[in-house]
1. Any residue at all in segment 42-51 that is touching a Pro at 6+ places or on another chain (Cβ under 8 Å) and at pLDDT 95 or above?
2. Check segment 76-84 and report whether any residue there is more than 25 Å from Gly20 (Cβ to Cβ) and either buried (at least 18 other Cβ atoms within 10 Å of the Cβ) or not acidic (Asp, Glu) (or both).
3. Could you say whether any residue in segment 93-115 is outside any helix (DSSP H, G or I), without any contact (Cβ under 8 Å) to a residue 12 or more places away in the chain and surrounded by 13 or more Cβ atoms within 10 Å (Cβ to Cβ)?
4. Looking only at segment 7-30, which residues are of a type in the set (A, V, I, L, M, F, W, C) and either at pLDDT 95 or above or touching a helix residue (DSSP H, G or I) at 6+ places or on another chain (Cβ under 6 Å) (or both)?
5. Count, please, the residues in segment 39-61 that happen to be in contact (Cβ under 8 Å) with a residue 24 or more places away in the chain and assigned to a helix (DSSP H, G or I).
6. Between residues in segment 11-29 that are under 15 Å from Tyr58 (Cα atoms) and residues that are hydroxyl-bearing (Ser, Thr, Tyr) and assigned to a loop (DSSP other than H, G, I, E, B), which pairs lie under 8 Å by C-beta distance while being six or more apart or on different chains?
Amino acid sequence: MSEIRADARTPSFFDLYSRGEASPDDIDEHVGRWHDTYSKLPKYPPLHEYLGLSREEYEVWLYDPFALPYILQARRSGSDLVEIMAARYEELRAANREADGTILFSLGNWLKAHSRH
């Protein structure tokens with residue numbers, strides 16, 4: 001994956017997260033930094049690249065803000081992100097928490113769009 005940043009020596013959010021140097025909550029600060037840095041420039045890196053995520057990983061994070069550990073799991077194990085997120089979806093369904101309704105809806109639609117069948 002190509003990562004485009006203002007300073008190529010600066011690690012992306014996901015680099016920091018995967019090394020335990022950033023928490024999932026820190027992603028909002030990085031998103032804000034991207035907006036502050038690139039909002040007035042005619043050419044800028046896509047947000048997903050700036051964060052160190054693939055487009056697919058970024059979509060998952062948008063639909064499930066608690067997905068970063070699952071994305072990391074997929075990368076570290078070399079597993080298919082769709083399969084990992086399908087298992088997460090089933091766990092959320094089984095838990096049957098009202099608070100997970102939006103995530104279930106969004107993640108379910110993402111899984112349908114990325115079905116490999």
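1. No: zero hits.
2. Scanning segment 76-84 turns up at least one residue that is more than 25 Å from Gly20 (Cβ to Cβ) and either buried (at least 18 other Cβ atoms within 10 Å of the Cβ) or not acidic (Asp, Glu) (or both).
3. no
4. Selection gives Phe13, Phe14, Leu16, Ala22, Ile27.
5. Residues flagged as in contact (Cβ under 8 Å) with a residue 24 or more places away in the chain and assigned to a helix (DSSP H, G or I) within segment 39-61 amount to 8.
6. Tyr17/Ser23
The values are calculated or read from the model by the stated rules, or taken from the named source; none is laboratory data. Here the structure is a predicted model, which means the values were calculated and not measured. Because the Cβ atoms are built from the backbone with ideal geometry, glycine has one as well, and the counts that use them run over all protein chains shown.
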